[in-house]
């Protein structure tokens, strides 16, 4: 068993403008910086063995604001947000103009597979430990959905700078089929 604290980055300029950031770095706005500092107040009481972050700048910045500039971060590309392909950088309104939005960029099935790889990696490296992981809204939801064996639609959306705790039982036995993971991220 290991404890996993999934943290979503603070609000970005792009979130505020309703832009699909995907794997763009993003820029925390003033509210996002304040959110990160407040999140840090609750995270400091957790005796974490390791702090992991998506390698995208909005997560790295959130982690440093929450836990201090001197915190040792392990950067993990598997924690990156969904790749929106040609929709990256477009507003949500612009993206809705695309006739096949669900098939643009990285599929939800691919995200489930990424979550499975990531959780197995952490299981082999950090079983019995406590992890704080700074990631993204959709990726964090899919990690939860994959572990619990449910559709991502059954996992509530995460607010900016929200923290969710999951006690991961090991060995992990995934109870979903990647082939049946839905194509829609809604």
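How many residues are in contact (Cβ under 8 Å) with a residue 60 or more places away in the chain, in contact with a strand residue (DSSP E or B) (Cβ under 7 Å, 6 or more places away or on another chain) and part of a loop (DSSP other than H, G, I, E, B) if we restrict to the stretch 42-75?
The total comes to 5.
Please determine, by comparing only the residues of the stretch 76-109 that are in a helix (DSSP H, G or I), out of contact with any helix residue (DSSP H, G or I) (no Cβ under 7 Å at 6 or more places or on another chain) and touching a residue at least 12 places away in the same chain (Cβ under 8 Å), which one is nearest to residue 46 (Cα to Cα).
Applying the filter and picking the extreme gives 77.
Within the stretch 126-137, is there a residue that is at negative phi and without any contact (Cβ under 8 Å) to a residue 40 or more places away in the chain?
no
Among the listed residues 93, 76, 81, identify the single one that is at pLDDT below 95 and farther than 14 Å from residue 161 by Cα. Break it down stepwise before answering.
On the way: 76 fails: at pLDDT below 95; 81 fails: at pLDDT below 95.
Residue meeting the stated conditions: 93.
So residue 60 ticks every box in (1) surrounded by fewer than 22 Cβ atoms within 10 Å (Cβ to Cβ); (2) over 20 Å from residue 142 (Cβ atoms); (3) in contact with a helix residue (DSSP H, G or I) (Cβ under 8 Å, 6 or more places away or on another chain) but one. Which box is left unticked?
(3)
What residue, of 167, 154, 106, 116, is out of contact with any strand residue (DSSP E or B) (no Cβ under 7 Å at 6 or more places or on another chain) and loosely packed, with under 15 Cβ neighbours inside 10 Å?
Within the list 167, 154, 106, 116, the selection yields 154.
Tell me which residues, restricted to the stretch 26-35, are out of contact with any strand residue (DSSP E or B) (no Cβ under 9 Å at 6 or more places or on another chain) and not in a helix (DSSP H, G or I). Steps first, please.
Going through the stretch 26-35, the residues out of contact with any strand residue (DSSP E or B) (no Cβ under 9 Å at 6 or more places or on another chain) turn out to be 30-31, 33-34.
Within the stretch 26-35, none qualify.
The values are calculated or read from the model by the stated rules, or taken from the named source; none is laboratory data. Bear in mind that the values here come from a model prediction, so they are computed numbers and not experimental data. Here Cβ is always computed from backbone atoms with ideal geometry, including for glycine, and neighbour counts include all displayed protein chains.
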